Amino acid sequence: MGYEVGARGWRAAEREGRGLSERAEEGRASDACSLIMLNGPSAGTTRHLTRDAAVTIGRHPSREIPLDDDRASRLHARISYRADRWHLEDCGSRNGTYVNSQLVQQVVLEPGDLIRVGDRLILFAPRSEEWKAPFDGSSKLRATTIYQRVNASGVSKALVEQNVGDAMSRVVRDSAVLCRLAHSLQSHNDVASLARAGLDALREGLDADAVAVWLVGTDGRLRCEGREGAPLTEHVLASLAVEKRKAICVDEKAGADKKTSTAGTAIGIPIPARQGCRGAIECHRDLEKAPFERGDLDFAAVVAHQMGAALENLEHRERLEQANVELRRRLDDQNQLVGSSPPMQRVLDQISRVGPASSNVLVLGESGTGKELIARAIHELSRYGAGPFIAVNCAAFSESLLESELFGHEAGAFTGADRRHVGQFERAHRGTLFLDEVGEMSLACQAKLLRVLEGHSFQRLGGEDSIRVDVRLIAATHRDLEQLVRQKRFREDLYYRLRVIDIRVPPLRDRGEDVIELATLYLERFRRTTGRGPRRLSMEASQALRDYPWPGNVRELKNAVERAVVLGSGLEISPADLGLPHPGNTPPPQAQLISLQELERRHIRYVLDAVHGNKTQACRILGIGRGTLYNKLSGSADATEPLEADADGGAADDRRAFDGRGPV
């Protein structure tokens with residue numbers, strides 16, 4: 001596909017630069033600039049910019065730079081001079097304004113910037129003697145200039161044969177160069193060395209007199225990452241290659257007779273990226289030498305493709321390394337088990353002993369005591385430490401969703417399952433799976449979990465393939481699992497399978513001075529995050545922390561310190577900053593207006609909970625018979641249980657020891 005840019009544009013720009021050299025001396029060189037149309041019916045037209053008047057670009061004929069492109073708005077963009085710089089701003093256009101392939105709303109222009117509106121290209125160039133046309137003054141981009149799309153399939157095609165003998169020698173030579181390049185690119189760990197390897201391959205394979213590698217920076221502009229040979233004054237050819245994302249071959253010889261339409265003395269090859277374009281390669285030959293041919297273009301495209309893949313891999317590796325370092329730093333900060341109190345020291349000693357083993361662990365403790373931190377510490381010390389740590393809150397899922405979350409499902413297994421879902425057991429392969437609030441799991445899910453823990457394989461929901469994983473399981477709960485077992489709400493065999501080793505985490509109120517140590521740690525962490533806040537705890541705040549019972553444990557302490565850092569205005573944290581309720585200000589509980597029957601039912605439930613569901617013992621304490629017990633619990637869940645299902649397994653003959661008035 002041809003792309004016209006008239007030769008008169010480059011020559012006019014050069015003549016204008018020479019003719020205005022005297023005027024350029026009156027002000028700064030950056031003040032006197034021009035806009036050159038590079039394509040379309042007005043190719044080669046030059047518009048000189050003055051500091052006093054803004055220049056508008058758009059489809060309307062009244063604009064200073066009218067465009068014939070349908071994608072241009074009537075008033076598309078405006079260029080003005082302020083604060084000693086030229087500024088381009090988009091005027092709310094429908095299809096946007098691009099500078100060096102980057103969509104912009106407002107940008108400061110620099111010499112050599114390529115402006116695109118629709119399909120029209122406009123070059124922002126200075127008007128001074130220092131400016132040189134992108135190529136020789138008489139060079140041109142002809143209608144015969146070719147553009148070739150560079151993609152993975154294109155670069156893998158065989159090099160174009162010139163003749164049988166030359167083609168074979170060319171293929172052998174180029175293959176050797178490309179093999180050395182591929183090997184060299186794998187050993188470099190920075191962009192500069194990658195660019196140097198690419199330059200060496202281009203000089204060796206193309207016999208070019210000047211080679212440069214241009215990469216797109218974070219600001220969207222091209223920057224020279226490396227060059228060889230005669231200095232290249234501008235990067236217009238690289239800008240065109242990046243803008244069009246096609247390989248370009250240009251003849252710089254004025255009026256030269258070319259044997260083929262693919263010959264030229266300058267080529268520009270875009271460096272492809274996974275998304276967009278990473279930069280471009282420019283190669284030039286002296287006018288006395290033979291022009292580049294199609295084989296040279298193909299060779300340069302292969303080099304550009306290899307460089308693009310190497311740059312992509314390098315950046316991906318750097319991002320992974322940085323993310324790994326940052327994540328480890330955050331985990332080290334957040335997963336610190338702090339505490340010098342005797343109860344906490346016993347827990348730390350248990351962790352050091354349990355960690356290297358592969359046994360299942362059950363972590364018990366109140367909500368907010370840091371059970372997940374203990375699970376992570378065990379994971380880091382185990383042989384599974386290099387694998388993933390997957391945490392699942394069983395209380396956050398319904399019965400059906402929890403089974404799907406743990407074991408996965410196939411597409412179409414249930415309504416809404418439009419694709420395969422890999423369960424957390426599979427994700428945790430050769431790692432640790434932490435099941436928080438395991439006491440909330442349904443009996444059906446408990447049965448499937450027990451089967452996996454016994455070494456059997458499992459299937460995804462709706463699937464038939466057997467899956468076997470190597471996972472260390474750590475479970476945690478704040479519930480009394482023994483009581484749940486007696487109430488037939490938790491499988492006894494699963495309970496003993498989980499509780500190979502149990503660790504009981506002490507509540508914060510039993511850890512003494514650990515509360516001050518934890519508060520100081522959280523204070524430093526939140527100050528580092530926010531960059532402000534009090535620097536230390538006051539004596540009054542420290543005493544308030546010691547006196548408070550902390551029903552929410554470490555989680556509540558963390559929230560209180562965060563509140564103090566955000567709201568505190570002094571150098572020290574005061575008790576008011578913590579927002580803790582004062583014991584003397586706590587209002588007395590209000591008596592509820594309930595019926596006597598409801599009061600009796602609540603008392604009976606309290607006694608049943610105290611005796612762990614033993615109805616025989618509850619009847620002795622309450623002084624009533626079992627029949628009266630069930631009558632008073634009428635309408636509740638307990639009334640639906642058969643008399644033979646006593647939690648203590650007592651015989652039904654015990655009923656004879658009671659009548660409706662109490663023990664006989």
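Listed here are the residues, each with its yes/no results for (1) out of contact with any strand residue (DSSP E or B) (no Cβ under 7 Å at 6 or more places or on another chain); (2) of a type outside the set (A, V, I, L, M); (3) outside any helix (DSSP H, G or I); (4) modelled with pLDDT under 85.
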position: Pro587; (1), (2), (3), (4): yes, yes, yes, yes
position: Gln590; (1), (2), (3), (4): yes, yes, yes, yes
position: Ile594; (1), (2), (3), (4): yes, no, yes, yes
position: Glu598; (1), (2), (3), (4): yes, yes, no, yes
position: His603; (1), (2), (3), (4): yes, yes, no, no
position: Tyr606; (1), (2), (3), (4): yes, yes, no, no
position: Ile621; (1), (2), (3), (4): yes, no, no, no
position: Gly635; (1), (2), (3), (4): yes, yes, yes, yes
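If you go through region 338-358 and keep only what is among the acidic types (Asp, Glu) and surrounded by 15 or more Cβ atoms within 10 Å (Cβ to Cβ), you end up with nothing. For region 371-396, the tally of residues that are over 14 Å from Arg472 (Cβ atoms), at pLDDT 90 or above and open to solvent by 20 Å² or more (accessible area, probe 1.4 Å) stands at 3.
The residue that is nearest to Glu513 (Cα to Cα), among those in region 542-569 that are over 37 Å from the mean Cα position of the chain (by Cα) and either at pLDDT below 90 or open to solvent by 10 Å² or more (accessible area, probe 1.4 Å) (or both), is Arg546. With the condition kept exactly as written, say whether any residue in region 107-117 is at pLDDT 90 or above, surrounded by fewer than 15 Cβ atoms within 10 Å (Cβ to Cβ) and not acidic (Asp, Glu). Yes, because at least one residue in region 107-117 is at pLDDT 90 or above, surrounded by fewer than 15 Cβ atoms within 10 Å (Cβ to Cβ) and not acidic (Asp, Glu). Taking the numbered list (1) open to solvent by 50 Å² or more (accessible area, probe 1.4 Å); (2) within 25 Å of Lys246 (Cα to Cα) in turn, Val99 passes all entries but (1). Apart from one condition, Arg528 fits all of (1) over 28 Å from Gln345 (Cβ atoms); (2) exposed (fewer than 15 other Cβ atoms within 10 Å of the Cβ); (3) at pLDDT below 90; the exception is (1). As a summary of the residue check, Glu464 satisfies the conditions (1) open to solvent by 50 Å² or more (accessible area, probe 1.4 Å); (2) closer than 22 Å to His612 by Cβ except for the one numbered (2).
Look at (1) open to solvent by 60 Å² or more (accessible area, probe 1.4 Å); (2) hydrophobic (A, V, I, L, M, F, W, C); (3) in a loop (DSSP other than H, G, I, E, B) and you find that Leu401 fails only one, number (3).
Does Pro270 satisfy being surrounded by fewer than 20 Cβ atoms within 10 Å (Cβ to Cβ) and either at pLDDT 80 or above or not in a strand (DSSP E or B) (or both)?
Working: surrounded by fewer than 20 Cβ atoms within 10 Å (Cβ to Cβ): no; either at pLDDT 80 or above or not in a strand (DSSP E or B) (or both): yes.
The answer is no for Pro270.
Taken over region 470-492, the criterion of being open to solvent by 40 Å² or more (accessible area, probe 1.4 Å) and either outside any helix (DSSP H, G or I) or touching a helix residue (DSSP H, G or I) at 6+ places or on another chain (Cβ under 6 Å) (or both) is satisfied by Asp470, His478, Arg479, Asp480, Gln487, Lys488, Arg489, Arg491, Glu492. Inside region 493-525, can you point out the residues that are loosely packed, with under 15 Cβ neighbours inside 10 Å and part of a loop (DSSP other than H, G, I, E, B)? The one that is loosely packed, with under 15 Cβ neighbours inside 10 Å and part of a loop (DSSP other than H, G, I, E, B): Glu513. Summed over region 323-342, the residues that are part of a helix (DSSP H, G or I) and either over 15 Å from the mean Cα position of the chain (by Cα) or modelled with pLDDT of 80 or more (or both) give a count of 8. Of the residues making up region 275-332, those that are of a type in the set (Gly, Ala, Ser) and over 24 Å from Asn100 (Cα atoms) are Ala290, Gly295, Ala323.
Residue by residue, here is whether (1) at pLDDT below 90; (2) at positive phi; (3) outside any strand (DSSP E or B); (4) out of contact with any Cys (no Cβ under 9 Å at 6 or more places or on another chain) holds:
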| position | (1), (2), (3), (4) |
| --- | --- |
| Glu426 | no, no, yes, yes |
| His429 | no, no, yes, yes |
| Phe434 | no, no, no, yes |
| Leu450 | no, no, yes, yes |
| His456 | yes, no, yes, yes |
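Just one of the numbered conditions (1) more than 42 Å from the chain's Cα centre (by Cα); (2) buried (at least 19 other Cβ atoms within 10 Å of the Cβ) is not true of Arg59; which one? Evaluating Arg59 over (1) more than 42 Å from the chain's Cα centre (by Cα); (2) buried (at least 19 other Cβ atoms within 10 Å of the Cβ) leaves (1) as the failure.
Which of the strands (runs of 3 or more DSSP E) found entirely inside region 177-253 contain at least 1 residues meeting this: in contact with a Pro (Cβ under 8 Å, 6 or more places away or on another chain) and surrounded by fewer than 22 Cβ atoms within 10 Å (Cβ to Cβ)? I'd like the intermediate steps shown before the answer.
Numbers: elements: 210-216, 222-229, 246-250.
By residue number, 210-216, 246-250.
Within region 426-440, the set of residues being within 17 Å of Val361 (Cβ to Cβ) and in contact with a helix residue (DSSP H, G or I) (Cβ under 9 Å, 6 or more places away or on another chain) comprises Gly431, Thr432, Leu433, Phe434, Leu435, Asp436, Glu437, Val438, Gly439.
The values are calculated or read from the model by the stated rules, or taken from the named source; none is laboratory data. Computed from a predicted model, the values in this text were never measured in an experiment. Cβ: placed from backbone, ideal geometry, glycine included. Neighbour counts: every protein chain shown. Protein only, heavy atoms only, side chains kept; ligands, DNA and RNA dropped before computing areas. Shrake-Rupley method; radii C 1.70, N 1.55, O 1.52, S 1.80 Å.
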